[in-house]
Amino acid sequence: MHYLPICAATPLIVFLLLLTPFPASALQEHAAHVVQLQGDVRAEDGNRVSRDLTPGSLVHSGETIITGAGQAELQFTDGMILHLYKHTKFAIDDYRLRDENGAGGDHRADFILLQGLIRMVTGSISPERKAKYQIRTTMAVLGIRGTHFSVLFDKILHVSVNQGTVVLSHKTGEHIIDAGQHAHMHHPDHPPKKVLHAVPLDQHRIYQEKIKAFPLPR
């Protein structure tokens, strides 16, 4: 048996490694990890390749979380907590967290809620750090200026703010939803309607079936 000298073999090994395909998620820095889940929850990448998630699974920017009949709690690298309830599709479109040395560019948290119910408690990424922090839907764009809120999108867009402020950007202008307020939109051409001292989404009877099996952050 003949062996290649180490000096000759090393470039060959490096070349072969470069040709070896790796999953896209393996090459990305993770955006969040799964804290807990119930039922079937999966992540789907930009090529529509999906994988099942389990507690501890890493989730990456560019992936869409699909809960189906399951539910999940994610913690992002900036400390943000996100609960996703049944029949929810939530895309992590562009999430970046600049490190303490300034590497990684500007902070960004750009999400898309395609359908379903979420509840979020924000982390260290915030408007005070001049970050782009928003959730997009086909009805409006939610600019996050607060710390604790929930959103339901199922033909009608509902936003309920527990703490802080959410700004709904819409063709009719910007609409500020403050803590203790609830807003709903029935049509993309009509401005949202606000209700003062609204019952939070998790306490409203029409949402109980969606969230009854999973605890919410307080």
*Residue by residue through the stretch 94-111, note down the ones that are surrounded by fewer than 17 Cβ atoms within 10 Å (Cβ to Cβ) and either modelled with pLDDT of 80 or more or more than 18 Å from V59 (Cβ to Cβ) (or both).*
D94, R98, D99, E100, N101, G102, A103, G105, D106
_Checklist (1) at pLDDT 55 or above; (2) part of a loop (DSSP other than H, G, I, E, B) applied to H184, failing item_ = (2)
*Do you know which of the residues in the stretch 128-180 that are among the basic types (K, R) and closer than 18 Å to R108 by Cβ is surrounded by the most Cβ atoms within 10 Å (Cβ to Cβ)?*
R145
*How many residues does the stretch 79-93 contain that are surrounded by 21 or more Cβ atoms within 10 Å (Cβ to Cβ) and of a type outside the set (F, W, Y)?*
6
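Restricting the search to the stretch 74-88, which residues are among the charged types (D, E, K, R) and touching a residue at least 60 places away in the same chain (Cβ under 8 Å)?
K86
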*asked:* Could you go through the stretch 120-141 and let me know if any residue there is of a type in the set (K, R), closer than 26 Å to V35 by Cα, at pLDDT below 90 and in a strand (DSSP E or B).
replied: yes
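For the stretch 189-204, what are the residues that are closer than 17 Å to L152 by Cβ and modelled with pLDDT under 85?
Listed by number, the residues that qualify are V195, A198, V199, P200, L201, D202, Q203, H204.
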*Take the residues of the stretch 44-70 that are under 15 Å from L113 (Cα atoms) and in contact with a His (Cβ under 8 Å, 6 or more places away or on another chain): which is surrounded by the most Cβ atoms within 10 Å (Cβ to Cβ)?*
T67
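The values are calculated or read from the model by the stated rules, or taken from the named source; none is laboratory data. Keep in mind that what you see is a predicted model, and the values were worked out from it rather than measured. Please note: Cβ atoms are built from the backbone with ideal geometry, for glycine as well, and neighbour counts cover all protein chains shown.
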